[in-house]
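Participant: One structure, as structure tokens, below. Some questions next.
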Amino acid sequence: MPVTISGVEDGSLARRHGIQAGETLLSINGHPIADVLDYRFYLTEQKLLLELEGPCGPRTVHLRKKDPYDDIGLQFETYLMDKQHSCRNKCVFCFIDQLPPGMRQSLYFKDDDSRLSFLFGNYITLTNLSEREISRIIEMHISPIHISVHTTNPELRCRMMGNRFAGNCMEILRRFADAGIRMECQLVLCPGLNDGEELRRSLRDLETLMPSMESIACVPVGLTRFREGLSPLRMFTPEEAAAVIDLAEETGDRLLKATGCRLVYPADEFYIKAGRPLPGAEFYGEFSQLENGVGLCSLLRSEFEQALAETEETPDGSRLVLATGTAAAPLLLDLTAQAQKKWPELRVQVAPIRNRFFGETIDVAGLITGGDLIDQLRGCSADYLLIPDVMLRHEQDRFLDDVTPEQVEQALGIPLKTVPATDGWELLQALLL
């Protein structure tokens, strides 16, 4: 559907040609404009014919850009130029269904939007795509696309996702692969459902889509204490976690030898649960699945140890508390011990925070709340409290429970500083202050 122009930048090409806020953009070079993907794709031509409709009726405007990627200065009410597409599934493992009531409304929105997959790396399930959207992805050669597959068994996928239309996943993936669309996939694994032989089947099916299929993350299901009335699920045992690692590494080793691409990567959580050492940084190639917690610990270790070897600065003597989730605490204890071996005067305490808000089965730093920080660090004495930036939302102004960094500082009487969660160099600098 056509989109309304909300503003025009001063001095822009559009302003110089008299385009005004309130007019509707109908098409560019004869192509209808429905959203940001249409707009960005067709705007790359240097000669543009814009069809507009305003208070005085329809009109056309001819524009000529100096460079194909120049912006013409139009502004729209939303970034997508359209409403965000919501999820139509009822997945048995959905984390949002496990949130307690009373949190900010935006946390309950389930997005399943192919445009956000391309623009920001959000994962989509393919169940929300119309034929027009599938064809558009192929026509525009939109890559990469991030896809939540979970299983390639059509019947099981329909059951796990609570959607009778979820079973045609492989058909759509093959169309993308045939068109050369690059794909990054995730499998959220639930013990007894899509692990074991079902996982073996999924990996075999997905490897047939190489080289367009570039990576597959195997991620364990996350379960909060708020699962009343939901499908019965449980956490992986250490033995089951080890079995996932064995299958993923067996497949990856074979594909690496045959194609030069490992393809399959277990999340760090599986290694931690199984009590196994994490692979070295070289195992993860380009680290394309960091957002899924794949290789995050190895990258942090590799960068921190390199920074430690090359840094000549010395600590300033500040007393530090480094808060994290219980899963990452052993790694950070080891890294800080290495730093203290080099600088005995470094005063840092690693504080594992138990997730009492969501339940202690949730052990990652990104789901720690401000309330849990306050409750478990009350009375702590330090000059600074360091936290990974993933504890805060994108704007870095609130924790998941709507507590602000300022409220944590006030309650604890300690200044708070954030550190990039995946950057070992920045972590060392934060320790040295």
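Participant: Here is a check on your reading of the model: is GLU45 assigned to a loop (DSSP other than H, G, I, E, B) and in contact with a strand residue (DSSP E or B) (Cβ under 9 Å, 6 or more places away or on another chain)?
Facilitator: Against the criterion (assigned to a loop (DSSP other than H, G, I, E, B) and in contact with a strand residue (DSSP E or B) (Cβ under 9 Å, 6 or more places away or on another chain)), GLU45 qualifies.
Participant: Going residue by residue through the range 59-73, is there one that turns out to be assigned to a helix (DSSP H, G or I) and either more than 28 Å from GLU139 (Cα to Cα) or of a type in the set (Gly, Ala, Ser) (or both)?
Facilitator: Taking every residue of the range 59-73 in turn, none turns out to be assigned to a helix (DSSP H, G or I) and either more than 28 Å from GLU139 (Cα to Cα) or of a type in the set (Gly, Ala, Ser) (or both).
Participant: Which numbered condition trips up ALA309, out of (1) outside any loop (DSSP other than H, G, I, E, B); (2) crowded, with 20+ Cβ neighbours inside 10 Å?
Facilitator: (2)
Participant: Residues of the range 27-47 being without any contact (Cβ under 8 Å) to a residue 40 or more places away in the chain and surrounded by fewer than 19 Cβ atoms within 10 Å (Cβ to Cβ), which ones?
Facilitator: Scanning the range 27-47 gives SER27, ASN29, GLY30, HIS31, PRO32, ARG40, TYR42, THR44, GLU45, GLN46, LYS47.
Participant: Restricting to the range 255-296, give me the number of residues that are aromatic (Phe, Trp, Tyr), out of contact with any Ser or Thr (no Cβ under 8 Å at 6 or more places or on another chain) and open to solvent by 10 Å² or more (accessible area, probe 1.4 Å).
Facilitator: 1
Participant: Checking the structure you have, find out if any residue of the range 235-254 is over 20 Å from CYS94 (Cα atoms), surrounded by 15 or more Cβ atoms within 10 Å (Cβ to Cβ) and without any contact (Cβ under 8 Å) to a residue 24 or more places away in the chain.
Facilitator: Scanning the range 235-254 turns up at least one residue that is over 20 Å from CYS94 (Cα atoms), surrounded by 15 or more Cβ atoms within 10 Å (Cβ to Cβ) and without any contact (Cβ under 8 Å) to a residue 24 or more places away in the chain.
Participant: If I ask for residues that are under 18 Å from CYS158 (Cβ atoms) and surrounded by fewer than 19 Cβ atoms within 10 Å (Cβ to Cβ), which ones from the range 199-220 would you list?
Facilitator: ARG201, ASP205
Participant: Does the range 402-424 hold any residues that are of a type outside the set (Gly, Ala, Ser), in a loop (DSSP other than H, G, I, E, B) and over 20 Å from the mean Cα position of the chain (by Cα), and which are they?
Facilitator: Hits for the range 402-424 are ASP402, VAL403, THR404, ILE414, PRO415.
Participant: OK, next. Within the range 1-11, count every residue that is modelled with pLDDT under 90 and either surrounded by fewer than 13 Cβ atoms within 10 Å (Cβ to Cβ) or more than 34 Å from the chain's Cα centre (by Cα) (or both).
Facilitator: Qualifying residue count for the region: 2.
The values are calculated or read from the model by the stated rules, or taken from the named source; none is laboratory data. Keep in mind that what you see is a predicted model, and the values were worked out from it rather than measured. Reconstructed Cβ throughout: ideal geometry from the backbone, glycine too, with neighbour counts over all protein chains shown. Note: areas computed on protein heavy atoms with side chains; ligands, DNA, RNA excluded. Shrake-Rupley method; radii C 1.70, N 1.55, O 1.52, S 1.80 Å.
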